[in-house]
Amino acid sequence: MIRVLLAEDQALVRGALSALLSLEDDLEVVGQAADGEAALGAVRELKPDVLVTDIEMPRLSGLDLAERLRAELPGIRVIIVTTFARGGYLRRALEVGARGYLLKDAPASQLADAIRRVHAGGRAIDPELAGEAWADASPLTERERQVLAEAEGGTSTAAIAARLHLSEGTVRNYLSEAMGKLGAENRTEAARTARERGWL
């Protein structure tokens, strides 16, 4: 049996995924979580073979969750299941160690097959999205991405500097560089553009 944990903040979607996967003879849903932090705790406790997670979740995104697991529990395979058909998100997912990336409108049989393939050491990625991921590479450095992600919610320069252990001048420089690369008039527009492209 392949032991699966589901992380999805929408209860209806989570329940439907669990019911569909439970119909498979070789898959067992051993746990469910409604946010990223709960998923991390459940993975630590239950040690599933495969984590199936959404990207956008409260408290810890699916991408952050995958990154934490790669460092802490690298034997657990991660599959992202999302509505975001964006190359930038797929690229980030692969960079943080996800082994699969599927869209929520894919047939249920495709998810079951992806879980089997990823559990066996392979990858399960939509081929069209895979091509997009490398064509639409982010121009942002990791620090620029971090600073923009903090600025996205309207956080002040001083607060960003304190949170990331940088000087205010350095934060302003990163924001300026990111705005220039994205052709944005201000930090809000830059963050929105980066989010739409799947780079945050």
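The values are calculated or read from the model by the stated rules, or taken from the named source; none is laboratory data. All values derive from a computational prediction rather than experimental measurement. Here Cβ is always computed from backbone atoms with ideal geometry, including for glycine, and neighbour counts include all displayed protein chains. Ligands, DNA and RNA are stripped out before the accessible areas are found, and what is left, the full protein with its side chains, is counted by its heavy atoms. Shrake-Rupley method; radii C 1.70, N 1.55, O 1.52, S 1.80 Å.
Legend: calculated FRET efficiency, Val13 to Gln110, from the Cβ-Cβ distance at R0 = 25 Å, rounded to 0.05, equals 0.95. Using the Cα coordinates of the range 1-134, the gyration tensor eigenvalues translate into equivalent-ellipsoid semi-axes of 19, 17, 14 Å, sorted from longest to shortest. Structure remark: mean-square fluctuation, Gaussian network model of the chain, C-alpha springs under 10 Å; the largest value among Leu102, Leu63, Leu164 belongs to Leu164.
Accessible area per residue for the range 68-164 is 46 Å², calculated with a 1.4 Å probe on protein heavy atoms, without ligands, DNA or RNA. Note on the chain: with neighbouring protein chains present and a 1.4 Å probe, carbon and sulfur make up 48 percent of its accessible heavy-atom surface.
Put a plus charge on the Cβ of each Lys and Arg, a minus charge on the Cβ of each Asp and Glu, and nothing anywhere else: the dipole of the chain about its Cα centre is then about 400 debye.
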